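For reference, the structure discussed in these notes is given below.
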Amino acid sequence: MLLWFRNDLRSHDNPALEYFLKNNMSNAPLKAIFFISEQQWQNHDWSAIKIDFIKRHAKALSQELLSINIDLELVIAPTFGDQIIYLKDICNENNISEVVANSEVEFNEQERDKAVVQHGIKLTLFEADVIVPKGRVLNLSDQMYKVFTPFKRAWLTYVKQNGFDYLGKAQTNSVEKSTSTSGITESPSAAWPLVQEVENRILPTFFNEKIFNYHSHRDIPSIKGTSGLSPYLAAGVISPRYVLRSLINAYPDILLASDSEEFSWLNELIWREFYRNLMFHEQRLCKHQCFKESYQSTYWHFDKALFDSWCEGKTGYPLVDAAMRQLNQTGWMHNRLRMVVASFLTKHLLIDWRLGEKYFMSQLIDGDLASNNGGWQWAASTGCDSQPYFRIFNPIRQSERFDPNGHFIRKYLPELESIPDKNIHFPHVFIEKNNLKTYWPAVVEHKEARLKALAFYKI
């Protein structure tokens, strides 16, 4: 038997690992593999920081698994095709009768698994990426919910009635101190600790000190009010079931307390479940298709100069520009700002959401196809449970509301340091009046862009 790690580099709540250990009684070292497939990852627009983050966790896990007699080999296989060839050869050479892994929801990954089976390899798959098994939360017509709120209600009902499977942690020894690259500046993801520190310190601290203010602080980009779990969930190095179990342990009534600050954080986990279920049921979302088919043939405008100004944070709208600089410099962006910049690209510039989706994936440490696609189609009004096309974020009003004193803007746009608070959100009149040359002009005018968007989207 061979254990195949994929988007699940963890010993904690790993059903494939549990099955593998239960069905291997040999005293000889057990064999596991993880493919380093950088060409394939790059074809999927994965960022350099995410790839580095995954490699760090793969190395850490390989050391951790030695304590339970598992030899995890990190195999360089540039593409999915190379993975299949390697699996076929190693199974034949070592008389391996079964390969065990956790399933992946994305289309190309599922096609790869079908090809593995077609090559005569017995592939036993488990589900490890969601709290409630995909396909269990359906409407009265046994169809996937198309709106988040009724999905959430049904999801909560399911969890209350049935609970959820949580497997605990394999009995390994933590080796974070010997494998962590914290402090190694040449590692692109060094600012993000290994998952052991998240489980042992960061998540408990968030539950004890920050979750009480999550609802009120989550939209303020200058405040570190979120948990920072998204890269770990996206890479599969932490289990969503473990996260929910930890939350329930800290707040036993959380499933009933829908008006609490703590529940607003749980809500984010349920959004993740919603988007993964949606991709499970609608595989066309993996193929760059609009969920709303009426927009599939839409001819989006494309102006390379405008797109570049957005990517580089040079739109002339400070909140948009600061957010894009945060993304480009750190590999992460505050969630409120993801909505603002996505709305700006699709509604103000009328540029195809797919280009924004692709750019985000190429920069984000927490790039996840289901969540990224869901968020972009929500902003572009082309998706499931998307914001109505006539709801267009005003980047100036968003700035005034969520960064009133310009703290976040000044952090990433130091050239606006001297601009007064009341002018920081759209400083062009002040700059012109004072004959300053500290900032570039706005690429579009908001009111005019809004009218164009309304005409463009009305089909």
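How big is the dipole moment of segment 2-126 about its Cα centre under a simple scheme where the beta carbon of each Lys and Arg is +1, that of each Asp and Glu is -1, and everything else is neutral? Debye, nearest 20, please.
Details: 12 positive and 18 negative charges, 38 e Å.
So the dipole magnitude of segment 2-126 works out to roughly 180 debye.
Oblate is the label for segment 20-86. Its Cα gyration tensor axes, ordered a ≥ b ≥ c, give a/c of at least 1.5 and b/c at or above a/b.
Computed from the C-beta positions of GLU448 and ASP165, the FRET efficiency with R₀ = 60 Å rounds to 0.65. The aspartates and glutamates whose alpha-carbon is closer than 13 Å to the alpha-carbon of LYS59, local same-chain residues fewer than 8 away aside, are ASP71, GLU73, GLU176. Enumerate the aspartates and glutamates that LYS210 could reach by cross-link, defined here as Cα to Cα under 13 Å, with residues fewer than 8 away along the same chain left out. By straight Cα distance, LYS210 reaches GLU261, GLU262. Taking segment 18-45 and a reference point 7 angstrom along Cα→Cβ of ASN69, the backbone N atoms nearer than 12 Å belong to 21-31. Within the same chain, lysines fewer than 8 places from LYS458 are excluded, and of the rest, those with a Cα less than 24 Å from its Cα are LYS146, LYS292, LYS347, LYS447. Taking the centroid of alpha carbons for each part, segment 269-304 and segment 23-100 are 30 Å apart. The GluC sites (Glu not before Pro) of segment 182-227 that DSSP puts in a loop, and whose beta carbon has at most 13 other beta carbons within 10 Å, are GLU186.
Dipole size of the chain about its Cα centre, with +1 on Lys/Arg Cβ and -1 on Asp/Glu Cβ: approximately 1040 debye, rounded to the nearest 20.
For the residue pairs LYS304/LYS422; LYS50/LYS287; LYS122/LYS160; LYS88/LYS114; LYS55/LYS169, alpha carbon separations beyond 24 Å are given by LYS304/LYS422; LYS122/LYS160. As a length-normalised measure over Cα pairs under 8 Å and 6 or more apart, the relative contact order of segment 293-457 settles at 26 percent. Note that segment 60-69 has calculated 3J(HN,Hα) couplings of 5, 5, 4, 6, 4, 6, 4, 5, 10, 6 Hz, one per residue in order, obtained from phi through the Karplus relation 6.51 cos²θ - 1.76 cosθ + 1.60 (θ = phi - 60°); glycine and proline are x. Residues whose amide H comes within less than 5 Å of that of VAL75, counting only those at least five positions distant or on another chain, are PHE34, PHE35, ILE36 (H built at 1.01 Å from N in the peptide plane).
Close amide H partners of GLU98, meaning residues 5 or more places away or on another chain with modelled amide H under 5 Å apart, are LEU2. When a/c reaches 1.5 or more, the comparison of a/b and b/c decides; with that in mind, is the chain rounded, prolate or oblate per its Cα gyration tensor? Verdict is prolate for the chain.
Split the chain at each of the chymotrypsin sites (Phe, Trp or Tyr not before Pro) in a DSSP loop with at most 12 other beta carbon atoms within 10 Å, and the longest piece is 1-298. Estimated from helical segments only, the mean residue ellipticity of the chain at 222 nm is -13500 deg cm²/dmol, where each DSSP H run of four or more residues counts as -39500 (n - 2.57).
Take the alpha carbon gyration tensor of segment 2-126, find the square roots of its eigenvalues, order them as a ≥ b ≥ c, and report rounded if a/c is under 1.5; if not, report prolate when a/b exceeds b/c, else oblate.
Values: a/c = 1.66, a/b = 1.16, b/c = 1.43.
Judged from the Cα gyration tensor, segment 2-126 comes out oblate (a/c at least 1.5, b/c at or above a/b).
Listed values for segment 104-114 are Karplus-derived 3J(HN,Hα) couplings in whole Hz (6.51 cos²θ - 1.76 cosθ + 1.60, θ = phi - 60°), namely 10, 7, 6, 4, 4, 5, 5, 5, 4, 5, 4, and x replaces Gly and Pro.
Read the figures in this text as sums done on the coordinates, not as results from a lab. All figures in this text were calculated on a predicted structure; none of them were measured in a lab. Cβ atoms come from the backbone with ideal geometry, glycine included; neighbour counts cover every protein chain shown.
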